[in-house]
Structures are given as structure tokens and as C-alpha cells.
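I have placed the structure first, in the form of C-alpha cells, so that the comments after it can refer back to it.
The values are calculated or read from the model by the stated rules, or taken from the named source; none is laboratory data. Remember, predicted model here, so these are calculated numbers, not experimental data. Cβ atoms come from the backbone with ideal geometry, glycine included; neighbour counts cover every protein chain shown.
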Amino acid sequence: MPPQRPFPTGAVLAVVLLGAIVPAYLFLDRPLALFAFGHFHESRGPFIAITHLLDWMEAAAVASLVWAGWMVARGRTFGASGLIALRTTLALFLAMGAKELAKLAFGRTWPETWTGGNPSFIRDGAYGFSPFHGGAGWSSFPSGHEALVCAVAGCLWVLAPRLRPATIVAVLAMAIGLLGADYHWLSDVLAGGLLGWLIGLFVAKLELPRTATASA
């Protein structure tokens, strides 16, 4: 009897996220934004605090790069845990670049006015996309915070299955923080999650080149 192939959980989650984006845009984004504004506008501090989880992740990624450079300079190998750390760091930085390109391409306005008097749904009733408009006021979609967290989560989902519960908590916590603070639309969060998740899965399975060291 041939061995059973593992259930493709990562791929299934990606399909679910992809399928949820359009319904969220059509039916859920505006009601959720109005709810968050109406109920949490004066008490959004806890939700904002949750989003600062990303600050710690970015600091850890920089520390990981410094550590990797130190190991290379000393001619040391990384080991299994070190390679996982290096891959998750790579996924995080790839997601940083990818989400900026996606934000420019889609040009979506924000739920609220945050910077430079940007048009928003709450203040102006603005709702939609202006592809390649450019500017901070047209960069809501996808959520960069969720993309970066999901890039790390997708990588760890494959490379460190024992950490899957922690990654689920981090992903959901970031989504709750972003929605509760009215920082993003639900479809922004779903799209950012999809983008980051795919990057994480890709980096986790990427065959890194092996370099041979010359003997003395």
C-alpha cells in the first residue's frame, strides 16, 4: 500500500483566503469599519497595541540577519534551528517588498483618514480602488502588517509544525488588532494574509544553494 500524502493544509488555507476576499469587499468591509469606528474609536488603544507585535518581529529579523552574518564571518554552520530562523527572516523581508508593490498596484483608500487628509470611507464615503494612484492615502490594500505576520507563519507552518498553534494566535491577534483599530478593511487583512502566506510557503520549500568551502 503506497504511503498517504500529507493533507495540503497550506494550500487549502490559501484557497480559502483567496475565496473570501471578494465577498468581504462586497458585503463585510463597510459594516465592520462602521462598527469599529462606532464602538472602539475612543478606546482603540488595546487594538493598536496588538499591532505592535510586528515591531518585535522586525527587530527579531534584524537580529537574525546580524547573527547570520556573524556565523558566516566565523565560518560556522547554521544548524537546523538557524536555517529556520534564516528562512523566516527571508520570508519577512520578501513580504516587505511584495506588499509595497501590491499597495501601489491596487491603490485602495483607507477606512479612516490617517495621513495628509487622505480620502477615507468614514470621513468622505470613499470606497474603492485607484490602481497605481500612488501616495500613502491610497495604500490600504493589502494589509502589510498581516502580510508580514503571515509570511513568518507560513514559513514556520512548514518548517516547525510544533509552532503552528503559536502562529495561529499571532495571525488572528494581528487581524483583530487591525480591524478593531479600524486600520484596515477585512478584505485588506485577508489579501495581506494570502500574500504573506504564499511567500512563507514558498520560502519554506525553496532550495537554497549550497556553497562548498575550500579545504586549507
When restricted to L26, L32, the only residue under 23 Å from the mean Cα position of the chain (by Cα) and loosely packed, with under 14 Cβ neighbours inside 10 Å is L26
On the basis of being farther than 17 Å from D188 by Cα, charged (D, E, K, R) and exposed (fewer than 15 other Cβ atoms within 10 Å of the Cβ), does R164 make the cut?
yes
Which listed residue is more than 16 Å from Y25 (Cβ to Cβ), assigned to a loop (DSSP other than H, G, I, E, B) and either among the hydrophobic types (A, V, I, L, M, F, W, C) or in contact with a helix residue (DSSP H, G or I) (Cβ under 9 Å, 6 or more places away or on another chain) (or both), from F132, F141
F132
Which of (1) under 14 Å from the mean Cα position of the chain (by Cα); (2) more than 15 Å from L17 (Cβ to Cβ); (3) surrounded by 24 or more Cβ atoms within 10 Å (Cβ to Cβ) does D182 not meet, given it meets every other one?
(1)
Can you tell me which residue is farthest from the chain's Cα centre (by Cα) among those in segment 107-135 that are within 19 Å of S187 (Cβ to Cβ) and small (G, A, S)?
G125
Is segment 121-142 home to any residue that is touching a Leu at 6+ places or on another chain (Cβ under 6 Å) and surrounded by 22 or more Cβ atoms within 10 Å (Cβ to Cβ)?
yes
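At least 3 residues that are at pLDDT 95 or above, more than 21 Å from G154 (Cα to Cα) and touching an Asp or Glu at 6+ places or on another chain (Cβ under 8 Å) in each: list the helices (runs of 4 or more DSSP H) lying fully within segment 1-105 that qualify.
Of the helices (runs of 4 or more DSSP H) lying wholly inside segment 1-105, those with at least 3 residues that are at pLDDT 95 or above, more than 21 Å from G154 (Cα to Cα) and touching an Asp or Glu at 6+ places or on another chain (Cβ under 8 Å) span 29-40.
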Pull out all pairs, ordered by first then second residue, where Cβ-Cβ is under 6 Å, the residues are six or more apart or on different chains, the first lies in segment 188-212 and is on the phi < 0 side of the Ramachandran plot, and the second is among the acidic types (D, E) and at pLDDT 95 or above.
V189/E146; G192/E146; G193/E146
Does S187 satisfy the condition of being surrounded by 12 or more Cβ atoms within 10 Å (Cβ to Cβ) and part of a helix (DSSP H, G or I)?
yes
